[in-house]
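J.: First the structure, which I've put down as C-alpha cells, then a few questions once you've had a look.
The values are calculated or read from the model by the stated rules, or taken from the named source; none is laboratory data. This structure is a prediction, so every number in the text was calculated from the model and none was measured. Here Cβ is always computed from backbone atoms with ideal geometry, including for glycine, and neighbour counts include all displayed protein chains. Heavy atoms of the whole protein, side chains included, go into the accessibility calculation; ligands, DNA and RNA do not. Shrake-Rupley method; radii C 1.70, N 1.55, O 1.52, S 1.80 Å.
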Amino acid sequence: MIQRLVVTALQLAELSVSSVVHMMYGLYIFSSAVAGDLTQTLSESIFKSETTGEVKRSTTQVNDLPPIVLVHGIFGFGKGRLGGLSYFAGAEKKDERVLVPDLGSLTSVHDRARELFYYLKGGRVDYGEDHSKACGHSQFGRFYEKGEYQEWDEDHPIHFVGHSAGAQVVRVLQQMLADKMFDGYENTNENWVLSLTSLSGALNGTTRTYLDGISPEDGKSLKLISLLQICKLGVIMYDWLDIPWLKSYYNFGFDHFNMSWKKTGLRGLVDCLLGNAGPFASSGDWILPDLSIQGSMKLNANLKTFPNTFYFSYATKRTRKPLGMMTVPSGVMGIHPLLFIRVLQMSQWRFPRDIPLPYKGYRDEDWQDNDGALNTISMTHPRIPVEHSNLIVHSDSDCLPLQPGIWYYKIVEADHILFIVNRERAGVEFDLIYDSIFERCRKHVFRKSPQTLPNEAQQQLGGDQED
C-alpha cells in the first residue's frame, strides 16, 4: 500500500513538472509570435518600403522547378499561423519554390494527408465517407479556392520534406495516391511523389506516447492520470469556446468535429469531455494513437516504399551509452529543457511485461536511443511490421548516385526540435541540414534528366551568347 502511494506521488510530481514545462514553452512560442507581429507592424508604420536593386529571377524558370513541400509535425503550424513565426525556422527561404502548408496540428495522419492533397490541388477537403462515419465527424472540411500546385501529377511531381509526424503523413498520402482514393481524380498514382525526406520522422511510432498517457495495452486509449488528459481538456475547451481571432492565430485542426458551443451547446461539451464524441472518443481519430508503436504498425501494414520515389531520412539522437553500460542523455546543455526529462525517461522505459509485446522480436534496448520525442530506431526507415530496403549513410557523398526505392538514412546528434522554430539554437548545423536537403532535391533527385536551376540557366545563356 505504501509503495503504491509513493509511486502515485512520484507520478503526480512528474506530471506537474511536465505540465508546467510544456505550458511555459507553449506560452513562449505564442508570446514570441505576438511580439514578432507587433514589431513588424510597428516597423511597417514607421519605415516606408524602399525599392532595392535586387535582380529577380525569371518567374517562368522558378515555376519550372518541382515545389519542395515542408510538412510540419505534431503541434506544428504552417505559413499564415502564429503570425510571422516559421515552424521550419525560415528554412523555406533557402529555395526559390517552397510551400509550407498549415495542416491540423493534432488531427490524425489520415485526416492530415487528405488536407495536404486538397491544399495542393484545390477544392473542399474530403475526408472520405466511410472514414468520416466511423470517426463521427463531417465528411467535408476546409475549402481551398486555389490549389498551391494545381498542375500536380505524374509529369509534375513534388519533393516532400516531413518533420516528425509529417513524414508519416506524406507516406500515407502517397499510398492514397497509389490506391486512387480521391474522388474525381482517377489518374493519381505513387509517382506524383518524386522524393520524401524524413527529418526526425515518426516512421515506426514512439515509446514517448506511453509516457505521455497512451495506454501500452492497446496503443490507443488514454490513462486516467496523464499529460495527455490535460492536453485533451485544453484542446476541447479551446475548440468549444471557438474564439475566432484566437483560432485564426492557431488551430488544432478539429473543426470538422464540430465541437464549437455554437453547434453543440453545453451538452456537446460534456459529451466531448466524457469521451462520447469528438476526436478523443473511442475511434481515436487524432495524432497520438497513430504515433504509438501499435498505431504505427497498423498504418505501416498498408504503406509501401515505391520503386520510382527517392527516400532519405535523418534520424536524431541525444543519448549515449558510456562504457557500454546503460543508455543516458548525452549531455545537459545540448538538450532543450522541454525534452531533457523525456530523453532520460525514454532511455530507461521498459514495456510492461504483464501485457503482450507490441510486435514479435521487440527488445527494450533497441528503443532506448532517442531525441526526447522519438526513438532513433523509429526514424531511420520503415521497420515494422516489415522492414523496407535501406542503407545507412555516413557522408552524403556515400549514396551518390541516389537510387529510388531505397531508404537512405543518416544518424544525427540532435534533439527533436533542434532544426525547427529557433534557427539560432542549431547554429551552423541548421544550414548544413537544410542545404543538404535542398541540394539533394535540386541536383541529385530526378527521373529523366538532371534539372537546370534558374541561376544555372542564366549562366548557360550568358555563355552561349559569348560564344
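J.: Return the distance in nm (one decimal) between the two label points of a simple spin-label model at Met325 and Tyr362, each offset 7 Å from Cα along Cα→Cβ.
T.: Spacing of the two 7 Å Cα→Cβ label points: 2.8 nm.
J.: A follow-up question, please. How many angstrom lie between the Cα centre of segment 267-329 and the Cα centre of segment 187-229?
T.: Going from one Cα centre to the other spans 1 Å.
J.: Next question. Structure shown: which of Lys79/Lys133; Lys79/Lys247; Lys121/Lys232; Lys79/Lys410; Lys321/Lys410; Lys121/Lys180 lie over 25 Å apart, alpha-carbon to alpha-carbon?
T.: From Lys79/Lys133; Lys79/Lys247; Lys121/Lys232; Lys79/Lys410; Lys321/Lys410; Lys121/Lys180, over 25 Å: Lys79/Lys133; Lys121/Lys232; Lys79/Lys410.
J.: For labels at Leu227 and Glu387 in the simple 7 Å Cα→Cβ model, what's the distance in nm?
T.: 3.0
J.: Out of segment 184-284, which GluC sites (Glu not before Pro) are coil in DSSP terms and have no more than 10 other C-beta atoms within 10 Å?
T.: Hits after loop and neighbour filter: Glu186.
J.: Hey, can you grab everything whose amide H is under 5 Å from the amide H of Val161? Only 5+ residues off in sequence or another chain; H modelled, so Pro and N-termini drop out.
T.: Under 5 Å from the amide H of Val161: Val69, Leu70, Val71, Thr197.
J.: Ok, one more. Quick one: what does P(r) look like for segment 119-192 with 10 Å bins over all Cα pairs, in whole %?
T.: 17, 48, 33, 2
J.: How large is the Kirkwood hydrodynamic radius of segment 365-446, in angstrom, based on all distinct alpha carbon pairs?
T.: Answer for segment 365-446: a Kirkwood hydrodynamic radius of 14.4 Å.
J.: Further, regarding this structure: With 25 Å as the limit, write out which pairs from Lys146/Lys220; Lys220/Lys304; Lys220/Lys360 have Cα-Cα distances beyond it, or answer none.
T.: The pairs that break the limit, which is 25 Å between Cα atoms, are Lys146/Lys220.
J.: Let me ask something else. Which of the GluC sites (Glu not before Pro) found in segment 314-414 are in a DSSP loop and have at most 14 neighbouring Cβ atoms, other than their own, within 10 Å?
T.: Glu387
J.: Taking Cα pairs under 8 Å and at least six residues apart, what relative contact order does segment 167-292 come out at, in percent?
T.: Taking the mean separation of contacting Cα pairs over the length of segment 167-292, I get 23 percent.
J.: Further question on the same structure: Tell me the per residue accessible area of segment 207-256 using a 1.4 Å probe; a whole number in Å² is fine.
T.: About 42 Å² of surface per residue is accessible.
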